[in-house]
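Beneath this line is the structure, given in structure tokens, with notes to follow.
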Amino acid sequence: MSILNTRFAGTRSVLVELSDLDSVLALAALLKTAPLPGQLDVLAAASTIFIKTDSWAAAQKIAALIPALELGSAPTDSGSLVEVPVHYDGEDLAEVAALTGLSIEGVINAHTAQIWRAAFGGFAPGFAYLRGENQTLNVPRRDTPRKVVPSGAVALAGDYSAVYPRQSPGGWQLIGHTDAVLWDLQRENPALIRPQDRVRFIASRTSLTMSTGAAPSEPKNVPALSGAHLEVLDPGLQSLIQDLGRVGLGDLGVSAAGAADTSSARAANRLVGNVASAAVVENLLGTATFLAHEDAVLAVTGATAELLITAAQDDDFHETRSVEMNTPFALLNGETLRLSPTGSALRSYVGVRGGIDVTPVLGSRSTDSMSGIGPAPLITGSILPIGAIIGSHVVGNPEPSTLPVPDANGVFTLRISAGPRDDWFGPAGLERLTSQDWIASAESNRVGVRLQLTDGAAPLQRIRTGELASEGVAVGSLQVPPSGLPVLFLADHPVTGGYPVIATVIAEDLPAAAQLPPGARLHFELVDPLTHRPTSSRATNHQGVSA
């Protein structure tokens, strides 16, 4: 067992390559019991460990320390023994029998006769990759993935078995189903199967009911109509409650989520005198209307909008006044605030003194749009309770906007660091990535920004064949599918990915990436992670031609 290599993934993550899964499990166990300075999260995969840190300095130190660690062996008796009843009626059961040379009864016996170890998580909250004691049931993924796999489906692929915790696409071979609930936020530990747990599948002799819906419903955090609060009269295109996200749950398949543009969210809180982690409203395109119940202090940052306040209904004059962006203002009891877009950037942030005081879920008030964890998206009539003022933070002074500014040609620049999988594309791939402009597609959301080609540009090409085993990925990753058109991962990205990441947007430029509207033209500049200076003196004119 050994550590083969360490690679940086952006400026705050380290990807460690190991010789085998036993080494992965040993290192994961070591990092869980003895975290390294600056370590935030550890995500194991088939042949890698992905370590998220709190700074570039911490990432450098961890990358230097990892090769000297004594791995030993992962404890074999850690975790719990979880028994999962299964009704073996999967659509691919006969196909698995043919692939393994066993009878259908033989497949069932092979699945139930061994103890499966939860090696690592990922893909979705509650999904665990279970490694068996032998290779009897090693079968390939389906040639064509299913668009819908029902929750509770029990499946096989390669060396692993798994249970789908919720309805989702998937390409594994389905051999049965279970009524066991894999992910339930009402439990103290939401995941039924956690990394290092042991799993025994038991053939059920009773009839189980196939579930076709999503995971169990989660608390909606709807408070009583009392105390100071904002009422949503119009949520606009999309309004979500966000804070700075969840940390340390990647091994359970839970992404960090949080505000897509953390600079604007922090500014909104700073202006109203909150701590940086207070919950705000993230609004798409600056279209929303709020009614104040009791006096409040608000500020709106991010995507530019016209802010109009209408007096309370019982006000004799019923006047309307305008207030400025990036400036704290009073919204008195009975007054309404209406945001109307003025066309610059993508996401606005509404901060209120005291913060939005909904119940935290897994330590955060953030909405994760991919997994459905956290408060539900706001609708007309949603109630946003205002929290108590903590500490002696004062209301701030007006601040300049934190929005990115394009160059004279209307092109936004995002700084990137190479890797961790730039060797799949070679120097020519990085040259193509940085020498031509790209367009932010309309097919983008909080999970990621899909990029399109400009006129005369060409997709990225791999210089390696085969497929990359799924591994941890960082926010800001430029993951490249077979089409050669990168996807820039944002706050709600999956914790693992199966396509190579050619480069990663540096942490300081992630807020700018989250504000790129559809059709925006952007340019990637390769920089040194330490100095943020371009790694080449060669200049371009943003048309892919050397100046």
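The values are calculated or read from the model by the stated rules, or taken from the named source; none is laboratory data. These numbers were taken from a predicted model, which means no experiment stands behind them. Neighbour counts are summed over all protein chains in view; Cβ atoms, including those assigned to glycine, are modelled from backbone coordinates with ideal geometry.
Figures for the structure shown
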quantity: Qualifying residue in the range 57-69 (condition: among the polar types (S, T, N, Q), surrounded by 14 or more Cβ atoms within 10 Å (Cβ to Cβ) and under 28 Å from Val501 (Cβ atoms)); calculated: yes
quantity: Residues that are basic (Lys, Arg) and either on the phi > 0 side of the Ramachandran plot or in a helix (DSSP H, G or I) (or both), drawn from the range 1-44; calculated: Lys32
quantity: Only listed residue being at pLDDT below 95, of a type in the set (S, T, N, Q) and within 30 Å of His523 (Cα to Cα), chosen from Ser392, Ser348, Ser369, Ser340; calculated: Ser369
quantity: Matching option when the condition is of a type outside the set (D, E, K, R) and modelled with pLDDT under 95, among Ala458, Ala442, Ala428; calculated: Ala442
quantity: Residue tally, condition among the acidic types (Asp, Glu), at pLDDT below 90 and either assigned by TED's automatic domain parsing to the domain that holds Asp89 or part of a strand (DSSP E or B) (or both), over the range 173-219; calculated: 1
quantity: Test: Ser348 is among the small types (Gly, Ala, Ser) and outside any strand (DSSP E or B); calculated: no
quantity: Scan of the range 435-467 for residues that are under 17 Å from Val487 (Cβ atoms) and either of a type in the set (Phe, Trp, Tyr) or not in a loop (DSSP other than H, G, I, E, B) (or both), ordered by number; calculated: Trp438, Ile439, Ala440, Gly448, Val449, Arg450, Leu451, Gln452, Leu453
quantity: Selection from the range 163-172 of residues that are assigned to a strand (DSSP E or B) and surrounded by fewer than 24 Cβ atoms within 10 Å (Cβ to Cβ); calculated: Ser168, Pro169, Gly170
quantity: Tabulated pairs, the range 163-177, first under 17 Å from Pro140 (Cβ atoms), second in a strand (DSSP E or B) and β-branched (Val, Ile, Thr), C-beta under 6 angstrom, 6+ apart or interchain; calculated: Gly170/Val149; Gln173/Val139; Ile175/Val154
quantity: Test for Thr380: is it assigned to a loop (DSSP other than H, G, I, E, B), in contact with a Leu (Cβ under 7 Å, 6 or more places away or on another chain), crowded, with 23+ Cβ neighbours inside 10 Å and at pLDDT 95 or above; calculated: no
quantity: Unmet requirement for Pro125, which otherwise passes all of (1) part of a loop (DSSP other than H, G, I, E, B); (2) modelled with pLDDT of 95 or more; (3) touching a helix residue (DSSP H, G or I) at 6+ places or on another chain (Cβ under 8 Å); calculated: (2)
quantity: Residue selected from the range 228-252 under the condition under 16 Å from Gly363 (Cβ atoms), touching a Leu at 6+ places or on another chain (Cβ under 9 Å) and small (Gly, Ala, Ser), by the criterion surrounded by the most Cβ atoms within 10 Å (Cβ to Cβ); calculated: Gly250
quantity: Residues satisfying the stated conditions in the range 481-523, i.e. assigned to a loop (DSSP other than H, G, I, E, B), among the β-branched types (Val, Ile, Thr) and either at pLDDT below 95 or under 19 Å from Ala45 (Cα atoms) (or both); calculated: Val495
quantity: Filter result for Glu335 (over 33 Å from the mean Cα position of the chain (by Cα) and crowded, with 19+ Cβ neighbours inside 10 Å); calculated: yes
quantity: Single match in Thr402, Thr454 (criterion: hydroxyl-bearing (Ser, Thr, Tyr) and not assigned by TED's automatic domain parsing to the domain that holds Pro517); calculated: Thr402
quantity: Considering residues of the range 478-498 that are crowded, with 20+ Cβ neighbours inside 10 Å and in contact with a Pro (Cβ under 6 Å, 6 or more places away or on another chain) only, the residue farthest from Gly448 (Cα to Cα); calculated: Val480
quantity: Unique match (being free of Cβ contacts under 8 Å to residues at least 24 places away in the same chain, outside any helix (DSSP H, G or I) and either of a type in the set (Asp, Glu) or surrounded by 17 or more Cβ atoms within 10 Å (Cβ to Cβ) (or both)) among Glu83, Glu133, Glu105; calculated: Glu133
quantity: Residue check for Leu430: surrounded by 16 or more Cβ atoms within 10 Å (Cβ to Cβ), in contact with a strand residue (DSSP E or B) (Cβ under 9 Å, 6 or more places away or on another chain) and part of a helix (DSSP H, G or I); calculated: yes
quantity: Check on Ala74, at pLDDT below 95, buried (at least 18 other Cβ atoms within 10 Å of the Cβ) and closer than 23 Å to Leu252 by Cβ; calculated: yes
quantity: The range 351-375 - residue that is part of a loop (DSSP other than H, G, I, E, B) and hydroxyl-bearing (Ser, Thr, Tyr) and, of those, nearest to Gly258 (Cα to Cα); calculated: Ser366
quantity: Qualifying strands (runs of 3 or more DSSP E) (wholly inside the range 244-327; at least 1 residues being in the same structural domain as Ser371 (by TED's automatic domain parsing) and in contact (Cβ under 8 Å) with a residue 24 or more places away in the chain); calculated: 280-284, 288-293, 296-302, 305-310
quantity: Residue satisfying condition, being surrounded by fewer than 20 Cβ atoms within 10 Å (Cβ to Cβ) and either of a type outside the set (Phe, Trp, Tyr) or farther than 24 Å from Leu237 by Cβ (or both), within set Pro385, Pro404, Pro360; calculated: Pro360
quantity: Sole exception among (1) more than 29 Å from the chain's Cα centre (by Cα); (2) of a type in the set (Gly, Ala, Ser); (3) surrounded by 17 or more Cβ atoms within 10 Å (Cβ to Cβ) for Ala153, by number; calculated: (1)
quantity: Unique residue being touching a residue at least 24 places away in the same chain (Cβ under 8 Å), within 18 Å of the chain's Cα centre (by Cα) and farther than 30 Å from Leu285 by Cα when the list is Gly429, Gly419, Gly448, Gly472; calculated: Gly472
